[in-house]
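The values are calculated or read from the model by the stated rules, or taken from the named source; none is laboratory data. This is a predicted model, so every value here is computed, not measured. Using ideal geometry, Cβ is built from the backbone for each residue, glycine included, and neighbour counts are taken over all protein chains shown. With ligands, DNA and RNA removed, areas are computed over all heavy atoms of the protein, side chains included. Shrake-Rupley method; radii C 1.70, N 1.55, O 1.52, S 1.80 Å.
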Amino acid sequence: MRILLHRADGVTGPWVRDFASVLPQAEVVLWQEGVPFAPCDYAVMWSPPGGLLKQLDGVKAIFVTGAGVDAILKFGDALPPVPIIRLGDAGMAIQMAEYVAHAVLRYFRRFDEYERQARRGVWNPLPQFDKAQFTVGVMGMGMLGRRVLDALAHFGFPLRGWSRSQKEIDGVSCFAGEDGLDEFLRGTRVLVCMLPLTPDTTNLLARANLSKLPEGAYVVNVARGAHLAEPDLLTLIRAGHIAGATLDVFRNEPLPGPHPFWDEPRITITPHMSAMTLPSESVAQIAGKIGALERGEPVADVVDRARGY
């Protein structure tokens with residue numbers, strides 16, 4: 001068995017070692033621009049360069065090593081007609097829950113304001129927010145979104161969720177589709193975006209929708225930068241309608257030095273680290289799915305190309 005591996009960050013050593021441990025019969029082939037090699041049985045990647053697509057002839061499946069699949073689906077019909085399989089979790093869900101819970105608690109306990117006060121040498125206890133009015137709304141209720149909702153439920157926040165199709169989750173007010181979006185937004189104090197990036201969700205968080213959030217709302221984006229219309233968010237923050245934002249993803253990464261977000265104290269920036277792919281967990285999951293495919297068994301987390309996730 002031959003497995004083609006590509007890592008955009010160039011860090012392949014841990015992946016090669018883990019594959020050797022769980023699939024010792026497999027040969028791991030590292031893709032290099034312009035270097036020919038024999039066909040492979042499976043491909044493991046996330047954001048491949050276009051030149052790699054020519055080497056995918058004969059693969060039985062493509063495994064995507066990130067939470068989203070937009071970076072590979074953008075190639076459309078240039079991809080071979082084989083299953084594209086994403087990671088079910090592989091350690092990312094708990095990381096995402098930690099990140100979002102931290103952001104929500106930081107705003108609820110007003111630590112962001114205390115940080116700004118401290119930089120000015122101001123000692124001023126602030127009134128606490130009413131938790132019953134501090135509703136957290138999660139957009140996207142897949143595996144990661146549900147794990148975030150579970151984590152927030154522990155703290156007693158009122159919870160709501162929005163997704164493309166109707167979901168039912170205990171303790172969560174669920175909304176779906178265009179018909180449910182307005183009501184979802186108008187009752188959400190902290191908006192958490194965890195949606196897959198598709199043509200329907202690109203620019204979903206633009207001024208028209210962000211303005212429906214109640215005055216003093218917060219935005220947390222851990223999905224994709226293209227969900228958010230960055231100038232619109234900046235305008236609403238400067239106007240006081242949005243009280244703050246925690247952003248882990250951006251349209252251009254790394255975020256350019258001249259970007260106005262760097263100079264806005266009410267925007268917290270992190271470098272796309274809310275949920276890092278863990279090699280050992282990822283390789284173990286991929287190996288299990290390869291085994292199932294080899295035995296002719298169905299596997300979970302196959303991407304629906306038409307839906308984009």
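Long hydrophobic helices in the chain: the complete DSSP H runs spanning 18 Å or more by Cα along their own axis with mean Kyte-Doolittle hydropathy of at least 0.0 are 92-108, 279-294. Net charge of the neighbourhood of Ala26, taken over other residues with C-beta under 12 Å away and scored Lys/Arg +1, Asp/Glu -1, is -3. Each residue was assigned an accessible area with a 1.4 Å probe, and for Arg307 the value is about 90 Å². Model label points for Glu168 and Asp9, set 7 angstrom from Cα along the Cα-to-Cβ axis, are 4.1 nm apart. Taking only the C-alpha atoms of the range 37-78, the Rg (one decimal) and the largest Cα-Cα distance, Dmax (whole number), read 10.0, 29 Å.
Think of a 1.4 Å ball rolled over the protein heavy atoms: the range 139-242 then has 42 Å² of accessible area per residue.
Sequentially through the range 60-76, phi angles give Karplus couplings (6.51, -1.76, 1.60; θ = phi - 60°) of 8, 6, 10, 9, 9, 9, x, 6, x, 10, 4, 5, 9, 5, 4, 7, x Hz, Gly and Pro residues having no value and appearing as x. The lysines whose alpha-carbon is closer than 16 Å to the alpha-carbon of Lys60, local same-chain residues fewer than 8 away aside, are Lys289. Cα-based values for the range 145-254, radius of gyration first and Dmax second, are 13.5, 38 Å. Ordered from highest to lowest accessible area with the whole protein assembly present and a 1.4 Å probe, Trp262, Trp123 read as Trp123, Trp262. Label sites at Ser21 and Glu297, each approximated as a point 7 angstrom past Cα along Cα to Cβ, lie 2.2 nm apart. At a probe radius of 1.4 angstrom, the accessible area of the range 59-124 per residue rounds to 45 square angstrom. When nucleic acids and ligands are ignored and a 1.4 Å probe is applied, Thr135 ends up with an accessible area of around 20 Å². Considering only beta bridges that DSSP places wholly inside the range 146-234, some 10 percent are antiparallel.
For Gly244, the residues 5 or more places off, or on other chains, whose built amide H falls under 5 Å of its own are Val219.
Each other residue within a Cβ distance under 9 Å of Leu213 adds +1 if Lys or Arg and -1 if Asp or Glu, for a net charge of +2. On the basis of the beta-carbon distance and an R0 of 30 Å, Ile269 and Val35 show a calculated FRET efficiency of 0.20.
On the basis of the beta-carbon distance and an R0 of 22 Å, His241 and Arg109 show a calculated FRET efficiency of 0.55.
Pairs of C-alpha atoms in the range 65-212 farther apart than 23 Å represent 46 percent of all such pairs.
Taking the chain as a Gaussian network of alpha-carbon nodes connected by springs under 10 Å, the highest mean-square fluctuation of the residues Glu27, Glu294, Glu113 belongs to Glu294. Computed over all pairs of different Cα atoms, the Kirkwood value for the hydrodynamic radius of the chain is 21.0 Å.
Nonpolar atom fraction for the chain, defined as the carbon and sulfur part of the 1.4 Å probe accessible area, stands at 53 percent.
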